[in-house]
Structures are given as structure tokens and as C-alpha cells.
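Q: One structure is given below, represented as C-alpha cells, and several questions about it will come after.
The values are calculated or read from the model by the stated rules, or taken from the named source; none is laboratory data. Quantities reported herein were computed from a predicted structural model and do not represent experimental measurements. Here the Cβ positions follow ideal geometry from the backbone for every residue, glycine too, while neighbour counts run over all protein chains shown.
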Amino acid sequence: MSVNSIYNKKKIAFFSTQPYDKTFFNKYNDEFSYELDYFETQLNPQTVLLIENAAIVCVFVNDIVNEEVIRQLAEKNVKIIALRCAGFNNVDLEAAKKYNIKVCRVPAYSPQAVAEHAMAMILTLNRKTHKAYNRVREQNFALNGLLGFDLFGKTIGIIGTGNIGKAFAKIALGFGCKVLAYDIVENDEMIKDGVSFVGLNEVFKSSDIISMHCPLNDQTRHVINKDSIALMKENVMIINTSRGGLIDTACVIEGLKQGKIGYLGIDVYEQEEKLFFRDLSADIIQDDAIQRLMSFPNVLVTAHQAFFTNEALTQIALVTFNNIKSLLAQNDIENKAALLV
Ligand code: NAD
């Protein structure tokens, strides 16, 4: 029998599966009755061979979905690539078009989850609660070294005012901050709420805190670089919960060493696919840049956990299943933002 005739229309091969993915996707599968095939490994040109007769693959942020992988998926008669995330910079959409494979994503599962994590990073870096937590456990009740600043009245600059940037702006306004924003499209509702849209350089020049919420693409790659850092205020705080590639890591390390960057909070990292979502506590990390970053007392790294809330995982499972259901039934999805190809 040829591969073409035996593939299973309702079988989904999951890559980069974590225990919590299984929990949430299994929980919501009753009404859909898909056959779920879970692989812990990342999808890449080698692991694509694991797929057996599945018409659908479900991938996450660090799976490699380049032309080579897509060509192999097409040979295996895969019809749908379902991203269980919002960002899609890891997928070659042109190749998917060429091989006639549909690509869908979960455009907005919980913007609040990511926006709230960005604010949690700001508060932690500022008020040093992570240090205080350890300190009092050692019965050290001194306050030296824990000095913070009032957020009230400070200027927060947001790059990218889509679902997450908008939610983050509301939180920042709630703290009494002045909010500047840069996006390729201005948002009238946000202007009414009190956000000022300005040029990108103005965000760099005037912000005490810069938080990034734009996608990674050719225009935004390394938007934080030597030149943009030079424009920033002394002691600026930079927060990146979007994609690691927005930051030129070497330049940021230099900015931290010179004291120009006062605080850095990153939930994403340029080379994260070799590190994040794994327990490497017994390994020798070969990536010197992340080790250098983690050695700074004013740098907070979380391992791509901004999305990680109960509400977000529920939405991710339900929207992914519904996207697939619509594509199987009518080759289309009502929510146009969910359909990439
Ligand atoms: P969105 O599509 O709703 O918004 C993105 C915004 O960026 C849009 O308003 C768009 O106009 C703007 N934009 C595009 N190009 C730009 C440019 N060159 N300069 C400035 N702005 C530009 O996306 P979202 O749901 O708000 O997500 C934003 C990003 O957050 C995603 O691309 C993803 O990479 C990241 N993300 C991270 C996590 C996490 O767990 N850390 C979770 C979800 C999403």
C-alpha cells in the first residue's frame, strides 16, 4: 500500500512535547477524537522520519520547519502544520505554499499571560524579590542592595502593539507610567487610553524601560543593537518576552558590562533552541553568551515561560484542535489571523 493511501486524516504527530502538552491536549480531545502521537524530540530534518501516516504535525516555537523539513513532510503526505503558538518565524511559509501544506497558528491564546510575565520581570528586576526571597531564608534581614525605584511616573516604551503589546500597555498605564509605543500601525484605541505613538528612535531615547512585543522578522532582527543601545538612557531596563533574535546578544553583553544597560529581563534567547524546555542541570553548557548573561546580578532569565498559564494552555489546546477541525472540514479557518498559508 502506498503512503498516500494509508495516511490517517485524524492523526496528529506532536513534536517538542512536554508533559503539560499531553495533559492539556489529552484533556480536550474528547470532543474531537483525534489520534495523538507524541514525540519529545524537536522536529528537524532527521526526526521527520518518526512521522507515521499522520496528516497533521503540531509544532512549537523551536521546532525546525524549514524547506527541507517541509519537503519531507509533503513526501509523507502531511497536509497541515499546526503551530501551537503565536509566533511563526521558525516556519518557511513560502515552502509550505509551494508544497501545498496548510499552516495554522494560535494567534492570541492569552495575551495577558505574556504581558503579565513582562511586568513580573520588571517588578522582579526592580524590587529584587528573587534576591530577598533567598536572603531572608538565610536569616539576613538587611536591605542593602535591594534598593528599587517607583514605577509610577516612569516612561515605558513598547515596541509592537499587537495583542500582547496592547495588554502590556494597559498594565503599564495602571501603574501610572507614561507609555510610548512604536508599531508599523498605530492603534487609535490605545491613543485614547493615553499611549503616545512615536518613532522607534524616540522610544529608545526617552524610555526608562523598553519592552518588546513585535514579531521576529527581517525588519526587527537585532533591533536592539550597538546603535540603538547608544541612543538609550543610562541605566535603561530592557525586557524581551517576544523572540530572542530581536536582541544582538553580544551588544547587550557589552552594554551591561559598560553599565549603560541597568537591567535586562529575557524570557527568550537567540540560541534558546539548544537550551530551553530541558533540564540541563548536570550538563556542561557550551553556550558562553548565556552563561555570561546569567552571571550578571542585574539580568533575569526565564526559559520561555511567559505563555505558561492554565488559561493559555487551555486556549492553545482548544484553538489548535478547532483550527485543524476547520481545515479538515472546509480547508479554511474563520479567524483569518490563525491561517498563515
Ligand atoms: P500580534 O501579531 O498580535 O502583534 C505583533 C505586533 O507587532 C503588530 O501590531 C505588528 O504590527 C507589530 N509589528 C510588526 N512588525 C513590526 C516592526 N517592524 N516594528 C514594530 N512593530 C511591528 O502578536 P502578539 O500576539 O502580540 O505577539 C507578539 C510576539 O510575542 C509574537 O510574535 C511572539 O514572538 C511573542 N510571544 C512570546 C511568547 C512567550 O511565551 N514568550 C508567547 C506568545 C508570543
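Q: Scan region 227-238 for residues that are more than 16 Å from the ligand (Cβ to nearest atom) and surrounded by 22 or more Cβ atoms within 10 Å (Cβ to Cβ) and report the count.
A: Looking only at that region, the number is 2.
Q: How many of the residues making up region 298-321 are free of Cβ contacts under 8 Å to residues at least 60 places away in the same chain and more than 16 Å from the ligand (Cβ to nearest atom)?
A: Selection size over region 298-321: 1.
Q: Okay, next question. Among 256, 246, 180, 264, which is aliphatic (A, V, I, L, M) and either within 11 Å of the ligand (Cβ to nearest atom) or modelled with pLDDT under 95 (or both)?
A: Answer to the selection: 246.
Q: Could you tell me whether residue 165 is surrounded by 17 or more Cβ atoms within 10 Å (Cβ to Cβ), within 13 Å of the ligand (Cβ to nearest atom) and closer than 16 Å to residue 210 by Cβ?
A: On the way: surrounded by 17 or more Cβ atoms within 10 Å (Cβ to Cβ): yes; within 13 Å of the ligand (Cβ to nearest atom): yes; closer than 16 Å to residue 210 by Cβ: yes.
For residue 165, the condition - surrounded by 17 or more Cβ atoms within 10 Å (Cβ to Cβ), within 13 Å of the ligand (Cβ to nearest atom) and closer than 16 Å to residue 210 by Cβ - is met.
Q: Filter region 183-226 for residues that are acidic (Asp, Glu), in a loop (DSSP other than H, G, I, E, B) and within 13 Å of the ligand (Cβ to nearest atom) and give the result.
A: Let us first name the residues in region 183-226 that are acidic (Asp, Glu), namely 183, 186, 188-189, 193, 202, 208, 218.
Still in the running and in a loop (DSSP other than H, G, I, E, B): 183, 186, 208, 218.
183, 186, 218 - these are the residues of region 183-226 that are acidic (Asp, Glu), in a loop (DSSP other than H, G, I, E, B) and within 13 Å of the ligand (Cβ to nearest atom).
Q: Residues of region 52-63 being in a loop (DSSP other than H, G, I, E, B) and over 14 Å from residue 17 (Cα atoms), which ones?
A: Hits for region 52-63 are 52, 53.
Q: Filter region 100-119 for residues that are of a type in the set (A, V, I, L, M) and away from the ligand (no atom under 12 Å from the Cβ) and give the result.
A: Selection gives 101, 103, 119.
Q: Something else: Mind telling me which of the residues 166, 131, 102 ends up being at pLDDT 95 or above and under 29 Å from residue 66 (Cβ atoms)?
A: Details: 166 fails: under 29 Å from residue 66 (Cβ atoms); 131 fails: under 29 Å from residue 66 (Cβ atoms).
Result of the check over 166, 131, 102: 102.
Q: Still on this structure: So in region 192-226, with the set limited to residues that are of a type in the set (D, E, K, R) and surrounded by 15 or more Cβ atoms within 10 Å (Cβ to Cβ), which one is farthest from residue 260 (Cα to Cα)?
A: Among those that are of a type in the set (D, E, K, R) and surrounded by 15 or more Cβ atoms within 10 Å (Cβ to Cβ), it is 221.
Q: Just to verify a result, which residue in region 71-97, among those that are more than 28 Å from residue 240 (Cβ to Cβ) and β-branched (Val, Ile, Thr), is nearest to the ligand (Cβ to nearest atom)?
A: 80
Q: Do you know which residues across region 120-159 are away from the ligand (no atom under 16 Å from the Cβ), surrounded by 18 or more Cβ atoms within 10 Å (Cβ to Cβ) and either in a helix (DSSP H, G or I) or more than 27 Å from the chain's Cα centre (by Cα) (or both)?
A: Once the filter is applied, which keeps residues that are away from the ligand (no atom under 16 Å from the Cβ), surrounded by 18 or more Cβ atoms within 10 Å (Cβ to Cβ) and either in a helix (DSSP H, G or I) or more than 27 Å from the chain's Cα centre (by Cα) (or both), region 120-159 yields 125, 126.
Q: Among the listed residues 296, 321, identify the single one that is of a type outside the set (Asp, Glu), in the same structural domain as residue 24 (by TED's automatic domain parsing) and more than 13 Å from residue 86 (Cα to Cα). Steps first, answer last, please.
A: Details: 296 fails: in the same structural domain as residue 24 (by TED's automatic domain parsing).
That would be 321, the only listed residue that is of a type outside the set (Asp, Glu), in the same structural domain as residue 24 (by TED's automatic domain parsing) and more than 13 Å from residue 86 (Cα to Cα).
Q: Can I ask one more? Got at least one residue in region 92-113 being assigned to a loop (DSSP other than H, G, I, E, B) and among the charged types (D, E, K, R)?
A: Within region 92-113, one or more residues are assigned to a loop (DSSP other than H, G, I, E, B) and among the charged types (D, E, K, R).
Q: Taking the criterion of being within 23 Å of residue 309 (Cβ to Cβ), more than 23 Å from the chain's Cα centre (by Cα) and not charged (D, E, K, R), would at least one residue in region 42-57 satisfy it?
A: Taking every residue of region 42-57 in turn, none turns out to be within 23 Å of residue 309 (Cβ to Cβ), more than 23 Å from the chain's Cα centre (by Cα) and not charged (D, E, K, R).
Q: What are the residues in region 322-341 that are within 15 Å of the ligand (Cβ to nearest atom) and in contact with a Cys (Cβ under 8 Å, 6 or more places away or on another chain), if any?
A: 338, 339, 340
Q: May I pose another question? State whether the residues of region 310-330 include one that is assigned to a loop (DSSP other than H, G, I, E, B) and of a type in the set (A, V, I, L, M, F, W, C).
A: no
Q: Out of everything in region 259-306 that is over 27 Å from residue 15 (Cβ atoms) and among the hydrophobic types (A, V, I, L, M, F, W, C), what residue ends up being surrounded by the fewest Cβ atoms within 10 Å (Cβ to Cβ)?
A: 294
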